[in-house]
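These notes concern the structure reproduced below.
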Amino acid sequence: MNSRACILNAVKENQPELLALPDITHLLEVENQDLVAEFTRVIEGIGAKVFQVNKYQEIIHHLKADFETEKVRVVSTLKEFDEIAKPFSGLDNHELADVELMILPTHFAVAENGASWVDDELFKERVLPFIPQHLVFIVEKEKIVPTMHHAYQLIGKKKYSYGTFIAGPSKTADIEQSLVLGAHGPRSLRVFLV
Amino acid sequence: MKTIDHAANSKVFNQDEDRVDWHDETLWFIRQKRDKASKQIPQWEALREAASQIKNHTLSNLHNYLEEFELNAKANGIQIHWAKDAQEHNEIVYDLLAKQGISKMVKSKSMLTEECHLNHYLEDRGIEVIDSDLGERIVQLAKEPPSHIVLPCIHKKKEEIGALFHEHLGTPEGNADPQVLTEAARQHLRDVFLTRRAALTGVNFAVAETGEIVVCTNEGNADLGVHLADIHIACMGIEKIIPKRGHLSVFLRLLARSATGQPVTTYSSHFAKPRKGKELHIVLVDNGRTKQLGRPDFRNSLKCIRCSACFNTCPVYRRSGGHSYHSVIAGPIGSILSPNLDMAKHADLPFASTLCGSCSNVCPVKIDIHEQLYKWRQVLVKEGYVDAKKALSMQLMAKTLASPTLYHLAGKAARTTLKYAPFIAQNRFNPWYHQREMPAVPKSSFGEWYQKNRTK
């Protein structure tokens, strides 16, 4: 008997009598709250910076002040940032290793934990949010949901090949519990709420 | 060979009292962060209950969910492998690498590969493995196992890490600044991420409904590794399955809050299909799990999501350190999982507890950890895995307590002895009296007092 059959047989033999799957729809009930304020409070608490803006031009203005956008490599999948960024169209994603600043759209964000959801409907190259030194997310204000339950309701049965929640810059506290931002991924995260 | 038991190991750890205090306080600080995070969610208890019930249900229908997961994952182009034990798991991983002529691999945190001793297996066959989680990399450089499942080098002081990095990564001698050390690891591992063709990760959750897996990290090391490699190997125990994608909401809300007090891990990545032109392999491992599933008293230990809340709250873990458990998974949960794998080797672990129950109270999936610790003690005594002296003294005690004559006699003897020759009990060989005052010896037992006074 192969291992697959062996394991499945042993599971069948040893699993207890069927227990009911609980209904979790009650977890969707939440108190009314200011989602933008809550999202901002939480994501700033985990090391990101939040800016509320009206136009993309304002974002460009901000980024020009913080980065030498003329000198460093800036990549974005959004044509609105053509003035300071280039799209990535290479075949080998290792060529992204020297990107200083990455500007990316998001599907929606979650107030309770500051996470933003991105999947390959927005961009095919999975390493984009992980490889730059600094990351910028564009989040639409009205697309902030209260909790993860609402988040998965939005995702639904969507067929993506890869998707991820990202909450803040990459970080570690492995050395004596001292928090250090910028473990392996981005050293900073700026979220622009539009 | 008899392994050194938890009590003896703890004694070694406790020789450095300052370090024990520091270890204790650091972990308690994390426990407090967990408390704070959990109290910010009004639905916390409802979430725990939901998580517990989802896991109970899953275990009761695991056979079907495993088949459903396999079917959906395969339809997505993922290759599925089944391993009945650690040996087969290691062989599968090795074959996948050997087939492509790969001799260097980067690995993010996976307790399962620790359980299977994969690194040693691969290194013996000429394959270099580099752990990319910072804490794991530190213990790997120190040639030690992790002492904690979430914080692998929590037992290490920054000065020791500074010395390790000076030796291996060329950081300035005497520099123990976490910022500087983390930066050095970042530079070193970035080069690793960019040059490895194979990346291995663990799995936090596998969704039967969609055939996708979810991997959670704070550092981004799992994603950087796999997105830059040609082949992604994900290893998981068969108990990591959950029924539906929507259930991830429950577990992702609980996991990081229970672990470190964060609202969520920085990255929660969902892998449903391989990258275009690349490979994604999932190895489903039993290694004793089906046996545990067949033990009614202990099966719900398989609900564990590896958050480590029970470690951080445990008064014994905090004061004895992870290495004292001489087991891949330490702490209270390790003490109920390990005897399943090898009773003789881990017979001491269920006794490394005060049975205070704090572990069960913080467990996000409501495993009755302290009750299982107590039940394992009974199994281990019955099976004859307990120290003969302890077994004999317990039998004597049981006989004495069962017979009124013997009980009265023993009480009298004890009172007389303690009155006239207290040194027999109170000496340096009896650890019970270290740092403790003796209670005053009563003149008589309650029975004797009652006999004398009831007629008055």
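The values are calculated or read from the model by the stated rules, or taken from the named source; none is laboratory data. Just so you know, these numbers come straight off a predicted model, no measurement behind them. Note: ideal-geometry Cβ built from the backbone for every residue, glycine included; neighbour counts use all protein chains shown. Side chains included, ligands, DNA and RNA excluded: accessible areas come from the protein's heavy atoms. Shrake-Rupley method; radii C 1.70, N 1.55, O 1.52, S 1.80 Å.
The set of residues from the stretch A:155-172 being more than 7 Å from chain B (Cβ to nearest Cβ) and more than 23 Å from residue A:39 (Cα to Cα) comprises A:157, A:158, A:159. Within the stretch B:398-456, the residues that satisfy the criterion of being among the basic types (Lys, Arg) and either within 30 Å of residue B:10 (Cβ to Cβ) or over 42 Å from the mean Cα position of the chain (by Cα) (or both) are B:412, B:415, B:419, B:428, B:436, B:443, B:452, B:454, B:456.
Taken over the stretch B:197-210, the residue count meeting the criterion of being farther than 15 Å from residue B:269 by Cβ and open to solvent by less than 20 Å² (accessible area, probe 1.4 Å) is 2.
Among the listed residues B:233, B:213, which satisfies the condition of being open to solvent by less than 10 Å² (accessible area, probe 1.4 Å), under 26 Å from the mean Cα position of the chain (by Cα) and under 17 Å from residue B:97 (Cα atoms)?
One residue alone meets the criteria, B:233.
Please specify each residue of the stretch B:34-47 satisfying the condition of being open to solvent by 70 Å² or more (accessible area, probe 1.4 Å) and within 13 Å of another protein chain (Cβ to nearest Cβ). Within the stretch B:34-47, B:36, B:40, B:42, B:45 meet the criteria. Listed by position, the helices (runs of 4 or more DSSP H) contained in the stretch B:332-397 that have at least 3 residues being closer than 20 Å to residue B:48 by Cβ, open to solvent by 40 Å² or more (accessible area, probe 1.4 Å) and free of Cβ contacts under 8 Å to residues at least 24 places away in the same chain form an empty set.
The set of residues in the stretch B:10-19 that are polar (S, T, N, Q) and open to solvent by 90 Å² or more (accessible area, probe 1.4 Å) contains only B:15.
Selection of the stretch A:48-58 for residues being open to solvent by less than 30 Å² (accessible area, probe 1.4 Å) and either of a type in the set (Phe, Trp, Tyr) or in a loop (DSSP other than H, G, I, E, B) (or both) yields A:48, A:53.
Any idea which of (1) assigned to a loop (DSSP other than H, G, I, E, B); (2) out of contact with any Leu (no Cβ under 6 Å at 6 or more places or on another chain); (3) more than 7 Å from chain B (Cβ to nearest Cβ) is the one residue A:176 doesn't satisfy? All conditions pass for residue A:176, except number (3).
Answer yes or no: is there a residue in the stretch B:118-135 that is crowded, with 22+ Cβ neighbours inside 10 Å, within 23 Å of residue B:284 (Cα to Cα) and small (Gly, Ala, Ser). Yes, some residue in the stretch B:118-135 is crowded, with 22+ Cβ neighbours inside 10 Å, within 23 Å of residue B:284 (Cα to Cα) and small (Gly, Ala, Ser). The conditions of being closer than 23 Å to residue B:255 by Cβ and surrounded by fewer than 19 Cβ atoms within 10 Å (Cβ to Cβ) are not met by residue B:22.
All told, residue A:171 falls short of being at pLDDT 95 or above and surrounded by fewer than 19 Cβ atoms within 10 Å (Cβ to Cβ). Any residue in the stretch A:100-109 that is of a type outside the set (D, E, K, R), within 9 Å of another protein chain (Cβ to nearest Cβ) and open to solvent by less than 20 Å² (accessible area, probe 1.4 Å)? Checked against the condition, which is being of a type outside the set (D, E, K, R), within 9 Å of another protein chain (Cβ to nearest Cβ) and open to solvent by less than 20 Å² (accessible area, probe 1.4 Å), the stretch A:100-109 yields no hits at all. Looking across B:207, B:203, one residue alone is more than 10 Å from every other protein chain (Cβ to nearest Cβ), in contact with a Pro (Cβ under 9 Å, 6 or more places away or on another chain) and among the hydrophobic types (A, V, I, L, M, F, W, C). It is B:207. Going through (1) β-branched (Val, Ile, Thr); (2) more than 9 Å from every other protein chain (Cβ to nearest Cβ); (3) not in a helix (DSSP H, G or I) one by one, residue B:180 falls short only on (3). Within the stretch B:262-285, at least one residue is open to solvent by less than 10 Å² (accessible area, probe 1.4 Å), under 17 Å from residue B:337 (Cβ atoms), touching a residue at least 12 places away in the same chain (Cβ under 8 Å) and facing another protein chain (nearest Cβ under 10 Å). Among residues that are under 24 Å from the mean Cα position of the chain (by Cα) and either at the interface with chain A (Cβ under 8 Å from one of its Cβ atoms) or of a type in the set (Gly, Ala, Ser) (or both), residue B:254 is not included. Here residue B:173 fulfils each of the conditions (1) more than 10 Å from chain A (Cβ to nearest Cβ); (2) crowded, with 24+ Cβ neighbours inside 10 Å; (3) over 27 Å from the mean Cα position of the chain (by Cα) apart from (2). When the stretch A:1-29 is filtered for residues that are in contact (Cβ under 8 Å) with a residue 24 or more places away in the chain and surrounded by fewer than 16 Cβ atoms within 10 Å (Cβ to Cβ), only A:28 remains.
Is at least one residue of the stretch A:53-66 under 25 Å from residue B:189 (Cα atoms) and free of Cβ contacts under 8 Å to residues at least 24 places away in the same chain? Full working, then the answer.
Step one: filter the stretch A:53-66 for residues under 25 Å from residue B:189 (Cα atoms), giving none.
No, the stretch A:53-66 contains no residue that is under 25 Å from residue B:189 (Cα atoms) and free of Cβ contacts under 8 Å to residues at least 24 places away in the same chain.
Given the stretch A:59-148, what strands (runs of 3 or more DSSP E) lie entirely inside it while holding 3 or more residues that are under 13 Å from the mean Cα position of the chain (by Cα) and among the hydrophobic types (A, V, I, L, M, F, W, C)? I'd like the intermediate steps shown before the answer.
Details: elements: A:74-76, A:101-105, A:108-110, A:116-119, A:134-139.
So the answer is A:101-105, A:108-110, A:134-139.
Screening residue B:45 with (1) within 29 Å of residue B:299 (Cα to Cα); (2) not in a helix (DSSP H, G or I) gives one miss only, at (2).
Taken together, the residues in the stretch B:291-312 that are in contact (Cβ under 8 Å) with a residue 12 or more places away in the chain, open to solvent by less than 40 Å² (accessible area, probe 1.4 Å) and not in a helix (DSSP H, G or I) amount to 5.
The number of residues in the stretch B:65-84 that are surrounded by fewer than 16 Cβ atoms within 10 Å (Cβ to Cβ) and more than 9 Å from chain A (Cβ to nearest Cβ) comes to 4. Determine whether residue B:180 is in the same structural domain as residue B:135 (by TED's automatic domain parsing), touching a residue at least 24 places away in the same chain (Cβ under 8 Å) and touching a Phe, Trp or Tyr at 6+ places or on another chain (Cβ under 9 Å). When the stated conditions are applied, residue B:180 does not pass them.
Residues are listed down the side, and each one gets a yes or a no for (1) away from chain B (no Cβ under 13 Å); (2) within 30 Å of residue B:82 (Cβ to Cβ); (3) of a type in the set (Phe, Trp, Tyr):
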{"site": "A:11", "(1), (2), (3)": "no, yes, no"}
{"site": "A:33", "(1), (2), (3)": "no, no, no"}
{"site": "A:46", "(1), (2), (3)": "no, no, no"}
{"site": "A:70", "(1), (2), (3)": "yes, no, no"}
{"site": "A:85", "(1), (2), (3)": "yes, no, no"}
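Checking each residue of the stretch A:156-175 against the condition of being over 19 Å from residue B:223 (Cβ atoms) and touching a Pro at 6+ places or on another chain (Cβ under 7 Å) gives at least one match.
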